[in-house]
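Scroll down for the structure; my scribbles are underneath it.
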Amino acid sequence: METHGNNVHIPPVKVVIADGNEDVTLKISDEGGGIPRSEMENVWTYLFTTAEIPPEKLMEIEEKSRHGGVGCDPIAGFGYGLPLSRIHARYFSGDLNIVSMEGYGTDAYLHLSKLWNKAEDLP
(Lines give C-alpha, C1' and ligand atoms only; values in the text may rest on other atoms or scores of the structure.)
Protein backbone atom coordinates (compact mmCIF):
# COMPACT_ATOMS: atom_id res chain seq x y z
CA MET A 1 0.00 0.00 0.00
CA GLU A 2 2.86 2.39 0.75
CA THR A 3 4.10 2.18 -2.85
CA HIS A 4 0.81 3.26 -4.39
CA GLY A 5 -0.05 5.91 -1.80
CA ASN A 6 -3.46 7.46 -2.37
CA ASN A 7 -3.75 6.06 -5.90
CA VAL A 8 -7.29 4.89 -6.59
CA HIS A 9 -6.08 1.99 -8.74
CA ILE A 10 -4.05 -0.59 -6.84
CA PRO A 11 -2.76 -3.47 -8.99
CA PRO A 12 -4.36 -6.81 -8.08
CA VAL A 13 -2.51 -9.60 -6.33
CA LYS A 14 -2.21 -12.48 -8.80
CA VAL A 15 -2.30 -16.17 -7.85
CA VAL A 16 -1.23 -19.07 -10.07
CA ILE A 17 -1.77 -22.67 -8.94
CA ALA A 18 0.28 -25.43 -10.58
CA ASP A 19 -0.62 -29.08 -9.98
CA GLY A 20 2.55 -31.14 -10.37
CA ASN A 21 3.22 -34.83 -9.81
CA GLU A 22 5.00 -34.31 -6.48
CA ASP A 23 3.53 -31.06 -5.21
CA VAL A 24 1.08 -28.24 -5.69
CA THR A 25 2.74 -24.85 -6.09
CA LEU A 26 1.06 -21.52 -5.48
CA LYS A 27 2.68 -18.42 -6.92
CA ILE A 28 1.42 -15.22 -5.31
CA SER A 29 2.54 -12.04 -7.09
CA ASP A 30 2.11 -8.39 -6.22
CA GLU A 31 3.24 -5.05 -7.61
CA GLY A 32 3.79 -3.46 -4.21
CA GLY A 33 7.25 -2.04 -4.86
CA GLY A 34 9.31 -5.08 -3.90
CA ILE A 35 11.94 -5.58 -1.23
CA PRO A 36 15.52 -4.28 -1.57
CA ARG A 37 18.08 -7.08 -2.09
CA SER A 38 19.92 -5.87 1.02
CA GLU A 39 16.84 -6.75 3.10
CA MET A 40 15.94 -10.09 1.47
CA GLU A 41 17.96 -12.18 3.94
CA ASN A 42 16.08 -10.49 6.79
CA VAL A 43 12.57 -11.48 5.65
CA TRP A 44 13.01 -14.85 7.40
CA THR A 45 13.99 -13.18 10.69
CA TYR A 46 11.32 -12.82 13.37
CA LEU A 47 10.30 -9.22 14.11
CA PHE A 48 11.73 -7.92 10.81
CA THR A 49 9.16 -5.93 8.84
CA THR A 50 9.07 -3.70 5.79
CA ALA A 51 5.86 -2.07 7.06
CA GLU A 52 6.27 1.66 7.30
CA ILE A 53 3.61 1.95 10.00
CA PRO A 54 5.20 2.01 13.47
CA PRO A 55 4.21 -0.86 15.83
CA GLU A 56 2.38 1.57 18.13
CA LYS A 57 0.11 2.61 15.25
CA LEU A 58 -0.49 -1.04 14.29
CA MET A 59 -1.54 -1.77 17.88
CA GLU A 60 -3.91 1.21 17.78
CA ILE A 61 -5.50 -0.04 14.51
CA GLU A 62 -5.87 -3.55 15.95
CA GLU A 63 -7.49 -2.15 19.12
CA LYS A 64 -10.02 -0.18 17.03
CA SER A 65 -10.94 -3.34 15.11
CA ARG A 66 -11.94 -5.02 18.37
CA HIS A 67 -14.50 -2.29 18.93
CA GLY A 68 -16.22 -2.55 15.54
CA GLY A 69 -13.93 -0.30 13.53
CA VAL A 70 -11.95 -1.20 10.44
CA GLY A 71 -8.78 -2.91 11.53
CA CYS A 72 -6.16 -5.44 10.61
CA ASP A 73 -4.84 -8.79 11.71
CA PRO A 74 -3.42 -8.47 15.24
CA ILE A 75 0.05 -9.65 14.21
CA ALA A 76 0.18 -8.00 10.76
CA GLY A 77 3.35 -5.99 10.26
CA PHE A 78 5.25 -7.45 13.21
CA GLY A 79 7.49 -9.84 11.24
CA TYR A 80 5.95 -13.20 12.11
CA GLY A 81 4.09 -14.13 8.91
CA LEU A 82 6.87 -15.27 6.59
CA PRO A 83 9.00 -17.13 9.15
CA LEU A 84 5.99 -19.00 10.57
CA SER A 85 4.60 -19.77 7.11
CA ARG A 86 7.92 -21.23 5.96
CA ILE A 87 8.21 -23.37 9.10
CA HIS A 88 4.70 -24.77 8.54
CA ALA A 89 5.39 -25.47 4.86
CA ARG A 90 8.65 -27.27 5.67
CA TYR A 91 7.05 -29.26 8.47
CA PHE A 92 4.70 -30.75 5.89
CA SER A 93 7.52 -31.43 3.36
CA GLY A 94 6.95 -28.24 1.37
CA ASP A 95 8.73 -24.90 1.20
CA LEU A 96 8.22 -21.17 0.84
CA ASN A 97 10.47 -19.00 -1.33
CA ILE A 98 10.42 -15.27 -1.99
CA VAL A 99 11.73 -13.53 -5.12
CA SER A 100 11.52 -9.75 -5.19
CA MET A 101 12.34 -6.96 -7.62
CA GLU A 102 12.85 -3.66 -5.83
CA GLY A 103 10.82 -0.96 -7.51
CA TYR A 104 8.29 -3.42 -8.90
CA GLY A 105 6.97 -6.26 -6.73
CA THR A 106 7.37 -9.63 -5.06
CA ASP A 107 6.60 -13.24 -5.96
CA ALA A 108 6.06 -15.84 -3.26
CA TYR A 109 6.21 -19.54 -4.15
CA LEU A 110 4.49 -21.94 -1.75
CA HIS A 111 5.23 -25.60 -2.48
CA LEU A 112 2.90 -28.12 -0.82
CA SER A 113 3.94 -31.77 -1.03
CA LYS A 114 1.54 -34.34 -2.44
CA LEU A 115 3.73 -37.14 -1.13
CA TRP A 116 2.01 -37.50 2.23
CA ASN A 117 4.31 -40.34 3.26
CA LYS A 118 7.13 -37.77 3.46
CA ALA A 119 5.31 -35.59 5.99
CA GLU A 120 6.37 -35.41 9.63
CA ASP A 121 5.10 -38.31 11.76
CA LEU A 122 2.52 -37.08 14.22
CA PRO A 123 1.91 -38.90 17.52
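Looking at T25, T45 in this structure, which one is in contact with a His (Cβ under 7 Å, 6 or more places away or on another chain) and either modelled with pLDDT of 90 or more or polar (S, T, N, Q) (or both)?
T25
Restricting to the range 88-111, give me the number of residues that are open to solvent by 50 Å² or more (accessible area, probe 1.4 Å), of a type outside the set (S, T, Y) and in a loop (DSSP other than H, G, I, E, B).
3
Mind listing just one residue for me: the one in the range 1-15 that is over 15 Å from the mean Cα position of the chain (by Cα) and of a type in the set (A, V, I, L, M, F, W, C) and, of those, modelled with the highest pLDDT?
Going through the qualifying residues, I end up with I10.
Give me the pairs, please: first residue somewhere in the range 78-92 and without any contact (Cβ under 8 Å) to a residue 60 or more places away in the chain and closer than 16 Å to T45 by Cβ, second residue anywhere and surrounded by 14 or more Cβ atoms within 10 Å (Cβ to Cβ) and not aliphatic (A, V, I, L, M), beta-carbon distance under 8 Å, and either six or more positions apart or on two chains.
Pairs that qualify, where the first residue is without any contact (Cβ under 8 Å) to a residue 60 or more places away in the chain and closer than 16 Å to T45 by Cβ and the partner is surrounded by 14 or more Cβ atoms within 10 Å (Cβ to Cβ) and not aliphatic (A, V, I, L, M), are F78/T49; G79/F48; G79/T49; L82/W44; P83/W44; R86/W44; R86/D95.
Of all residues in the range 16-37, count the ones that are outside any strand (DSSP E or B) and open to solvent by 60 Å² or more (accessible area, probe 1.4 Å).
3
The values are calculated or read from the model by the stated rules, or taken from the named source; none is laboratory data. Computed from a predicted structure; not experimentally measured. Note that each Cβ is placed from the backbone with ideal geometry, even for glycine, and that neighbours are counted across all protein chains shown. Note: accessible area is taken over every heavy atom of the protein model, side chains too, but ligands, DNA and RNA are not part of it. Shrake-Rupley method; radii C 1.70, N 1.55, O 1.52, S 1.80 Å.
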